Amino acid sequence: MLKPLNRYILIDLPQSPEQETDSLIVLPEEYKPKEEERYVQVRAVCAAPDARFNLSEGVNLVVDRSMIEEISIGATIYNVILDNYVVGMIE
């Protein structure tokens with residue numbers, strides 16, 4: 001398992017429903033699909049020792065979705081975020 005350093009937090013990102021890529025429906029060029037929410041609730045797995053606040057495993061956080069970084073190592077994908085992009089904790 002990846003151990004985060006440098007103020008990173010390892011998170012579990014909720015899975016979004018899979019979208020079909022093969023569609024028989026033709027949409028107008030000006031059609032824009034609904035954008036994802038800017039903020040998302042995630043679950044903290046572990047945090048770097050130098051994170052600016054104490055986090056216990058399993059705490060629910062609200063983070064800026066655009067700041068989540070995806071790291072692929074072999075067949076494993078890790079999602080991490082810097083502690084300054086955590087907006088709040090959900091109790």
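Taking 0.36 nm per residue of separation and subtracting the Cα-Cα distance, full extension of the segment from residue 69 to residue 30 would add 11.1 nm. Distance distribution P(r), the chain, all Cα-Cα pairs, bin width 10 angstrom from 0: 15, 42, 23, 14, 6, 0 percent.
Accessible surface ranking for 64, 50, 1.4 angstrom probe, highest first: 50, 64. Structural descriptor for the chain: relative contact order 35 percent, calculated from alpha carbon pairs under 8 angstrom and at least 6 residues apart. Report the residues of region 48-77 in range of a label on residue 7: point 7 Å along Cα→C-beta, backbone N strictly under 19 Å from it. Counting only backbone N, you get 48-56, 61-70. Rolling a 1.4 Å probe across the protein heavy atoms gives the chain an accessible surface of 81 Å² per residue.
The values are calculated or read from the model by the stated rules, or taken from the named source; none is laboratory data. Since the model is a prediction, treat every value here as computed from it, not as a measurement. Don't worry about glycine lacking a Cβ; one is built from the backbone with ideal geometry, like all the others, and counts go over all protein chains shown. When the accessible area is computed, the model is the full protein with side chains, heavy atoms only, and any ligands, DNA or RNA have been set aside. Shrake-Rupley method; radii C 1.70, N 1.55, O 1.52, S 1.80 Å.
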